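S.K.: Mind having a look at this structure? Questions to follow.
The values are calculated or read from the model by the stated rules, or taken from the named source; none is laboratory data. These figures come from a predicted structure and were not determined experimentally. Please note: Cβ atoms are built from the backbone with ideal geometry, for glycine as well, and neighbour counts cover all protein chains shown.
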Amino acid sequence: MKRFNVFDAAVAAFALVLIPIAYGTYLLFRAPKTIITSVKRVDIAKEERRVGGPNLVAKFKVTGSGLRPLLRASIDDEAAIGLVFENPHSADLLVGSVPPGAHDLILFDGRQEIARSPKSIVVEPAMMPRWATVRVRFDAPIEVTRLVKNGDRDVPSNAGAATVVDVQKDAVTVRLLADAAESGWQYRGLALKPGVELTLTTADYIVKGTVLSVAVEGS
C-alpha cells in the first residue's frame, strides 16, 4: 500500500487552503443579483425628448438592486429604446411605441435574462383632445384689454383654437381644444394649469395673461 509522504501531505493541505480562498474570491468579484423592486412612469426630460425623437413615447424609473451599466431591457418581446444606468439602485427606462395594457419588463446581461418584473409597464390608451374652459387674467394696459371681445380667436385659427367666450372686468374666459400630455393637459405644447402664461394672438392685438383656472370637459 502506498503511503503519503510529507510532500503529499503538504500538497493536500495547500489544496484545502485554496478552496476557501477561491470561493471567497468568487463571492467578492461576482456580479450581484439584479432585483427589480419598482417601476414608475415619470416625465420625459426635454433633452431626452430631443435626442429620442418621435420614437420615444414613455419613460419609467426602475429601482431595485444590482443594476449595472450595459444591461439591456425589453418590454415583453420588444427591445426598449434604452436603459440609462444611474447607480446600482436606479435606472431610466426609455420606451418606444407600446400597445395599451400591462407588459413585462425584462432585463438581460448579454443574452441571459437576469431579472423580470411582470406586468409592471402599464400603458394607458391614448387620450383624445378635449374641450377646456380656461379663465385668464390678462397682464396688459387697459388700452389693449378693452379690445378683447367675445368671439376673438387665437391665430393661426383652427377648430380648436382658443376663442373668447366671456369678458369680465378681472378675467377673460376662453374655450380651446386641449391635448393630453404625460403631466396633464396642454395647448399648443404649453401646459394648461393655474399660474402658467397663456398668449392670445388675433389680427388686432397680442395679449399675454396668467391662467387662473382650467376645466376640462369629461375630466
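S.K.: List the residue pairs whose Cβ atoms are under 7 Å apart, where the first residue sits in segment 188-206 and is within 12 Å of VAL136 (Cβ to Cβ) and surrounded by 12 or more Cβ atoms within 10 Å (Cβ to Cβ), the second is among the hydroxyl-bearing types (Ser, Thr, Tyr) and modelled with pLDDT of 95 or more, and the two are 6 or more positions apart or on different chains.
M.R.: GLU197/THR210
S.K.: Of all strands (runs of 3 or more DSSP E) completely enclosed by segment 128-219, which ones contain at least 1 residues that are more than 30 Å from VAL42 (Cα to Cα) and not assigned by TED's automatic domain parsing to the domain that holds LYS59?
M.R.: 130-138, 163-167, 172-181, 197-201, 206-216
S.K.: Take the residues of segment 31-46 that are in a strand (DSSP E or B) and not basic (Lys, Arg): which is modelled with the lowest pLDDT?
M.R.: Per the criteria, the residue is VAL42.
S.K.: Can you name the residue in segment 98-126 that is among the polar types (S, T, N, Q) and surrounded by 13 or more Cβ atoms within 10 Å (Cβ to Cβ) and is also nearest to GLY64 (Cα to Cα) among such residues?
M.R.: My answer is SER117.
S.K.: For residues in segment 102-125 being in contact with a Pro (Cβ under 6 Å, 6 or more places away or on another chain) and assigned to a strand (DSSP E or B), which is farthest from THR63 (Cα to Cα)?
M.R.: The residue in question is VAL123.
S.K.: Restricting attention to segment 68-92, and to residues there that are part of a loop (DSSP other than H, G, I, E, B) and closer than 16 Å to ARG111 by Cα, which single residue is nearest to the chain's Cα centre (by Cα)?
M.R.: ALA80
S.K.: Report, by residue number, each residue of segment 47-63 that is outside any strand (DSSP E or B) and either within 11 Å of the chain's Cα centre (by Cα) or not basic (Lys, Arg) (or both).
M.R.: GLU47, GLU48, ARG49, VAL51, GLY52, GLY53, PRO54, ASN55, LEU56, VAL57
S.K.: Now for a separate question. Are any residues in segment 46-93 in contact (Cβ under 8 Å) with a residue 60 or more places away in the chain and among the small types (Gly, Ala, Ser), and if so, which ones?
M.R.: ALA58, the sole residue that qualifies.
S.K.: Restricting to segment 94-127, name every residue that is touching a residue at least 24 places away in the same chain (Cβ under 8 Å), among the acidic types (Asp, Glu) and more than 25 Å from GLY53 (Cα to Cα).
M.R.: If the condition is that a residue be touching a residue at least 24 places away in the same chain (Cβ under 8 Å), among the acidic types (Asp, Glu) and more than 25 Å from GLY53 (Cα to Cα), then ASP109 is the only one that fits.
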